[in-house]
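A short worksheet on the structure shown next.
The values are calculated or read from the model by the stated rules, or taken from the named source; none is laboratory data. Because the structure is predicted, anything quoted here is derived from the model rather than measured. So basically every Cβ, Gly included, is an ideal-geometry build from the backbone, and we count neighbours across all protein chains shown. To get the accessible areas, we keep the full protein, side chains included, count just its heavy atoms, and leave off ligands, DNA and RNA. Shrake-Rupley method; radii C 1.70, N 1.55, O 1.52, S 1.80 Å.
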Amino acid sequence: PYQHRKPAANKEEVMSSYKKKGGSSWNPFAGGVGSGGFGGGGGPNNNNNNNGGVGYAGGKDDQRKLVAGRKKAIKESKKEDKSTTKSLKMMNKSIQKNLAKHCGLDDEIDLSHSSYDALAGLVDTDDRGQVKTILADVFRNQVPTDWDTRKALYTAALDLTNTLVSDVRLAVLLGDEEDQETVLYWLKDFSQQCSAFMKRHEDNGWSKEDEGDVLFATRVKEVADKAIKISKRCLKKPEEELVMIDFSTRYQGALGPLRFDTVDSMNNHYFLKKVPNAPSTLNTRQLFKELTAYRTALPVEYGSSCFCRVINDRLDLLRVMITGPDET
């Protein structure tokens, strides 16, 4: 027990004090709270053993609680995805209906991103922010490893985006491709991941189970290409002005695209000599989908960055460079 008083002179005094306070079964001298982990070695103590731990080393139900927690999180995620998918479909249906009513484009309408006059009658004022927020969140949080389990959500988001790019008046909702808060920025990022995925399969071919992913990646690229093209029509570039860019931003802009890439060989890779052939159980399809996310997931900051390379035909062999902060 932790008490703000003078330390007891011996074991008997501590036990006597503890029992007076109502203690019964716990013996503070019976070793550490945990065994292993942060707690060090637990178990019986004696005069020659001062290695008892004081940290938590795990309980009998920890694994069960962990599994239960994961199942609960997955269930909540599926529930949220279902709700978001439903919202996306409803918004898409509503916009398509309004679009059919308001055919034709008024040449006098200002199509700059700062003006939404062109959206009058097409998208309700209250829905405009919701459309942008939901689409940006979906594209920002997607990873190739989720394409199978969240395909309904991604398909609904692409369907809505495809409706937006079908009319220049709606394209103002996509935003600027250089602004990290916009739909277009993250759709472009999504498309870049798909390009890397498709390039690998073009070089190495694909199996029957890869066809679904290739078709999905192709759809993403088509929608993204149309979005980038139409955004140029409705975006009015500001007049040129002198802008001071800090060194950190320049660093990210120059090295960001170099986060991850594939290479044909690494002759001096240590484990290439130790394990000359890839394990037969290696799931290259799933592994490459995970690695593709590295293009945007790895941190690139002036203080500390992480860069990764992987061999094209040996996805189990990587080389990583981590730059530490100054003065470390």
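Could you list, in their original order, any pairs among Lys86/Lys132; Lys199/Lys289; Lys65/Lys151; Lys132/Lys188; Lys79/Lys132; Lys89/Lys132 whose Cα atoms are separated by more than 18 Å? Could you put the intermediate results ahead of the total?
Numbers: Lys86/Lys132 16 Å; Lys199/Lys289 12 Å; Lys65/Lys151 29 Å; Lys132/Lys188 15 Å; Lys79/Lys132 21 Å; Lys89/Lys132 14 Å.
Long pairs (Cα-Cα over 18 Å): Lys65/Lys151; Lys79/Lys132.
Around Lys79, with a cut-off of 14 angstrom between Cβ atoms, what is the net charge of the other residues, counting Lys and Arg +1 and Asp and Glu -1? Please report the intermediate quantities before stating the final value.
Details: positive: Lys71, Lys72, Lys75, Lys78, Lys82, Lys86, Arg150; negative: Glu76, Glu80, Asp81.
Residues close to Lys79 contribute a combined charge of +4.
Let me make sure I get this right: for the range 206-328, a, b and c are the square roots of the gyration tensor eigenvalues over alpha carbons, sorted descending. Under 1.5 in a/c it's rounded, otherwise prolate if a/b > b/c, else oblate. Which is it? Write out the running numbers ahead of the final one.
Numbers: a/c = 3.55, a/b = 1.27, b/c = 2.78.
Because a/c hits 1.5 or more and a/b fails to exceed b/c, the range 206-328 counts as oblate.
If I ignore ligands, DNA and RNA and count only protein heavy atoms, how much of Ile74 is accessible to a 1.4 Å probe, in Å² to the nearest 10?
For Ile74, the solvent-accessible surface is approximately 100 Å².
How big is the charge dipole of the range 226-326 about its Cα centre, in debye rounded to the nearest 20, if each Lys and Arg gets +1 on its Cβ and each Asp and Glu gets -1 on its Cβ? Before the final figure, lay out the partial values.
Values: 16 positive and 11 negative charges, 119 e Å.
The dipole magnitude comes to about 580 debye.
Residue by residue, what Karplus-based ³J(HN,Hα) values in Hz, rounded to whole numbers, does the range 263-280 have, using 6.51, -1.76 and 1.60 with θ = phi - 60° and x for Gly and Pro?
Karplus values, whole Hz, x for Gly and Pro: 10, 6, 7, 9, 4, 9, 6, 4, 7, 5, 6, 6, 10, x, 10, 5, x, 5.
What does the charge count near Ala293 come to, summing +1 for each Lys or Arg and -1 for each Asp or Glu among other residues with Cβ under 13 Å from its Cβ?
+1
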